[in-house]
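Okay, so here's the structure we're looking at.
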């Protein structure tokens, strides 16, 4: 397994070692001890989530605040997405900056997103199955978000805006400067 820290401290891209042969492939998608050792933190995941989406579906940018903040380990089981993590830690030198990474069922890469980040993704393939682990339980009263087309962030979602499929809830999210951090 190869772990690379992104330009955002604490946010890591994880590339698994894949064993291919005539039968197909095998890889270890998660090992608690190895994961904690490689990222230098003790993270215990308590919830797994999965979504199925069609091309152009954009989910995000979402986060949880306070005692319900969540770290996430995200991956794509099938298909291809552009995944985005935005640093919302006010004390961070990279506050308001983001990283993007293409995750797919083919590359099997994962992205670890620590607490204090917003997260979102857009589906680039015809469909995608997206899976993620959270280190804290979801709490509706602690949810927050940032509008996908925030001018300050200026995220290139790799698809024309007219092709994006966005929930009513996500269309009314505030800009970063007006969000409840």
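FYI, it's all coordinate maths here, none of it is from the lab. On a predicted model such as this, the values are computed, not experimentally measured, just so you know. For neighbour counting, all protein chains shown are included, and Cβ atoms are generated from backbone atoms with ideal geometry for every residue, glycine included.
Mean sequence separation of contacting Cα pairs (under 8 Å, at least six apart), scaled by the length of the chain, corresponds to a relative contact order of 28 percent. The label-point distance for residue 97 and residue 19, in a model that sets each label 7 Å from Cα toward Cβ, rounds to 3.9 nm. Within the range 95-168, all pairs of alpha-carbon atoms sorted by distance into 10 Å bins from zero give the percentages 12, 46, 38, 3. Compactness of the chain, taken as the C-alpha radius of gyration over 2.2 N^0.38 Å, stands at 1.01.
Modelled this way, with points 7 Å down the Cα-to-C-beta line, the labels at residue 171 and residue 138 are 2.1 nm from one another. Relative to a virtual label point 7 Å from the Cα of residue 161 in the Cα→beta-carbon direction, which members of the range 51-74 show backbone nitrogen distances below 16 Å? Within reach of a label on residue 161: 58, 61.
FRET efficiency for the residue 68 to residue 106 pair, using the beta carbon distance and R₀ = 45 Å, is estimated at 0.85.
Here the simple spin-label model places points 7 Å from the Cα toward Cβ, and for residue 178 and residue 152 these points are separated by 1.2 nm.
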